[in-house]
Every structure is written in C-alpha cells, then in structure tokens.
Amino acid sequence: MQSFEGRVAVVTGAGSGIGRVTAQRLAARGCHLALVDLRAEGLAETARLVEAHGRRATTHLADVADAERMAALPDEVRERHDVVHVLVNNAGITSVGAFADEALEDMRMLVDVNVWGVVHGCRAFLPVLRQQDEAHIVNVSSMAGLMGLPHTATYALTKGAVKAFSEALRGELAGTTVGVSVVFPGTHRTGIAATARGADGARIAKVSQGPLSVLMPPPSFVARRIVKAIERDQPRAVVGPDARVIDLASRVAPGRTRLIGRVTSRLSGH
C-alpha cells in the first residue's frame, strides 16, 4: 500500500493489546479506523487514542465468532466510512495445558474465535476490499502456527490453520488489488495470557502479570511489523526473537518437538 493517508482500516480485537496499538499506528500514518471488539469500554479508550491523532474512529461491538454479526459489519462500517481498505484480523484467545486435560468447550471456543473469526472477517470484507484501488488483509497467527508447541495443542491447531488459510488466500488473490499478510508474534506483553484457558491457564496468567513480563516486548513491537507488512505487501512477518528461533527450528528440524515437550512438561509439573 503506497499511502495510508485517508484510508479506512478495520481492526478486530481493537479494545486492547496488539489491536489497540495497531489502530494507533495506522492512525498516525493517516488511516481512519473502524474498531471492533466485544468490550465497549476498551473500544472507547482505543477510539480516544485514535482521535488524538486527528483521525476518525468508530466503534463496533461484535463477536468475531458470530457469522451473522460479522456478515452485517461491512454495511455498518461503510455507513460510517463509505469504504474499507485494510482489514486486520487480530482478535484471538489462547489456551495452555496438556491436550488430554483440555475441555471440549474451551477447544471449540478457540476454534470459533481464532479460526472462524478470521474466516468470517475475510468472508465479510473481501467483496468491499476488492472494489478498492489497493487493499490489504492481515491475519494474526502466532509462533505456535509455525511449529506445533507442546502444551498449546489446540492453540497451535488454530494458529496453524490461520497460517495455511492466509497463504492460500494470498495465492488466490494474486493479480488483484488485495494483498494478504500473515503475522507470527512471539511472546509479548498483552492481555491474552491473562485470560488464557486450559489446565495451566491460571499459572500462565500469573506469570504474564509478574516481574518476568518486563522481559517480553511490548505490543507496539508487533504493531510496527503489521503496518510494515501492509505497506510492503509482505506475505509473512515473524516477530520477536523467540518466534524467529521457532521459525528456524521448523525449517531445520521440522516436527521434532519432543525436547520442547519434556521441558514444558517439567515446568507444568506433568
């Protein structure tokens, strides 16, 4: 995308973390924002931060797992902004713990939000994006989408699906005005760990809010790469030192996760 000035971007999961900071960075580059999240309070704060850049911000309460609500969203956004040029499918939840201990309800929720949420966003907004002179989709995966990490089996399932889906969609849209990028963040300081599901969710939530969290990069680190991926039409962006190590390991020693499993099992007391 050659210029962000006057463009309109839709960001899901915009009420906090990566979504909020990505909205701010896009606003700083000239975008108006349609902000999507489940929480009205978080959306209101993000809208205030966007408007501080002199850009228009609208808020839209939506569950990305709700196909009917997401199908109605493009018309709602266009009523307020007329057009849409950028879609950032960022909303997501995580789960930590042994697969055998995971509740089916939690597993279904992860698939609904992390996989169907991305599909619903792309399905709903693609017809609008294809009408523009240039447009872009960013789907946020995870380093767990690069290699299936033990004790995050369901999360890895969903983020691996986002990776494959994004790569296939980029290929289908080759030759159109719509680019597609998939982003693989490593560990970072956001609220996603604080609400982790799974048998070890509470423990991870405690760690994410403890002193070790200062060693994690801030969400702005990921947001910066998201904006760069849009600007340069990059097919993928691996963000953070741990994500780069996992990316390398997935190429050099694909499928060899037993050592990691032994470590995570020891840490979790299994």
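If R0 is taken as 25 Å, the Cβ-Cβ distance between residue 67 and residue 130 corresponds to a FRET efficiency of 0.80.
Among 60-69, 143-152, the peptide with the highest mean count of other Cβ atoms within 10 Å heads the list, and the full ranking is 143-152, 60-69.
Per-residue extension of 0.36 nm, minus the Cα-Cα distance of residue 3 and residue 111, leaves a gain of 35.4 nm for this segment. Taking the centroid of alpha carbons for each part, segment 53-90 and segment 145-188 are 22 Å apart.
For a modelled paramagnetic label at residue 104, 7 Å from Cα along Cα-to-Cβ, no residue of segment 154-188 is in reach, as no backbone nitrogen comes under 16 Å.
Can you figure out the FRET efficiency of residue 40 with residue 249, using R₀ = 41 Å and their beta-carbon distance, to the nearest 0.05?
That gives a FRET efficiency of 0.50.
Taken together, the values in this text are just the output of simple stated rules run on the coordinates, not laboratory data. On a predicted model such as this, the values are computed, not experimentally measured, just so you know. Please note: Cβ atoms are built from the backbone with ideal geometry, for glycine as well, and neighbour counts cover all protein chains shown.
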